[in-house]
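The structure appears right after this line, and notes come after that.
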Amino acid sequence: DIPDPLPFDINAPVIEIPEEFFGVWYMDCMDDPKKYDGKTIEVKCRCLVRKNVPKGCFIAGRHIMTCCVQDIQFAGVVCVWDRADEIRNDEWAIITARLDYKFHRAYGRKGPVFTVQSVQEVEKPEEPVATFY
């Protein structure tokens, strides 16, 4: 059982997730959260503002298609940022954040939580839905 190498360097000071590999990163992060715990991640995401997310937080992620159009789902991470009220719903951004696997009330359990260091607004990607191909 030789694992496939990841298409990004998890030992880099800042793990830069290429846009086309968001799905690979998200799945790996959910399967092995301790691998990313305490690391700094840079990733292009869609930012969502929701009423049920606590003040000072927003959600960042992408829609992912694992097989076909019918199975597309949003895969997101809770982001904590002292400037979260500046986030516009549905804006795309490159987010640099420390990822900690911990309890957050937005999940109601442990999960990945970004402590945001910076948000750089960007254009919507040509292919906004992430895949595994």
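When the stretch 60-93 is examined, which residues are found to be under 19 Å from MET27 (Cα atoms), surrounded by 11 or more Cβ atoms within 10 Å (Cβ to Cβ) and either of a type in the set (Asp, Glu) or under 12 Å from the mean Cα position of the chain (by Cα) (or both)?
ALA60, GLY61, ARG62, HIS63, ILE64, PHE74, ALA75, GLY76, VAL77, VAL78, CYS79 - these are the residues of the stretch 60-93 that are under 19 Å from MET27 (Cα atoms), surrounded by 11 or more Cβ atoms within 10 Å (Cβ to Cβ) and either of a type in the set (Asp, Glu) or under 12 Å from the mean Cα position of the chain (by Cα) (or both).
Hey, does the stretch 22-39 have a residue that's of a type in the set (A, V, I, L, M) and open to solvent by less than 20 Å² (accessible area, probe 1.4 Å)? Steps first, answer last, please.
Residues of the stretch 22-39 of a type in the set (A, V, I, L, M): 24, 27, 30.
Filter once more, so that each one left must be open to solvent by less than 20 Å² (accessible area, probe 1.4 Å): none.
No, every residue in the stretch 22-39 fails to be of a type in the set (A, V, I, L, M) and open to solvent by less than 20 Å² (accessible area, probe 1.4 Å).
Collect the residues in the stretch 97-117 that are open to solvent by 20 Å² or more (accessible area, probe 1.4 Å) and within 16 Å of LEU48 (Cα to Cα), keeping them in residue-number order. Don't jump to the end; show me each part of the working.
From the stretch 97-117, those open to solvent by 20 Å² or more (accessible area, probe 1.4 Å) are 98, 100-110, 115, 117; that's our starting set.
Result: ALA106, TYR107, THR115.
Would a scan of the stretch 44-51 turn up a residue that is open to solvent by 30 Å² or more (accessible area, probe 1.4 Å) and touching a Ser or Thr at 6+ places or on another chain (Cβ under 8 Å)?
Step one: list which residues in the stretch 44-51 are open to solvent by 30 Å² or more (accessible area, probe 1.4 Å), which gives 44, 46, 49-51.
Going one step further and asking which of them are touching a Ser or Thr at 6+ places or on another chain (Cβ under 8 Å), we end up with none.
There is no residue in the stretch 44-51 that is open to solvent by 30 Å² or more (accessible area, probe 1.4 Å) and touching a Ser or Thr at 6+ places or on another chain (Cβ under 8 Å).
List, please: which pairs have Cβ atoms under 7 Å, are six or more places apart or on different chains, and start with a residue in the stretch 71-99 that is without any contact (Cβ under 8 Å) to a residue 24 or more places away in the chain and among the polar types (S, T, N, Q) and end with one that is crowded, with 17+ Cβ neighbours inside 10 Å and assigned to a strand (DSSP E or B)?
Note: pairs meeting the criteria are GLN73/ILE64.
The values are calculated or read from the model by the stated rules, or taken from the named source; none is laboratory data. In this text, all values refer to a predicted model and were calculated from it rather than measured experimentally. FYI the Cβ positions are ideal-geometry reconstructions off the backbone, even for glycines, and counts take in every protein chain you see. Calculation scope for accessible area: heavy atoms of the full protein, side chains included, ligands and nucleic acids excluded. Shrake-Rupley method; radii C 1.70, N 1.55, O 1.52, S 1.80 Å.
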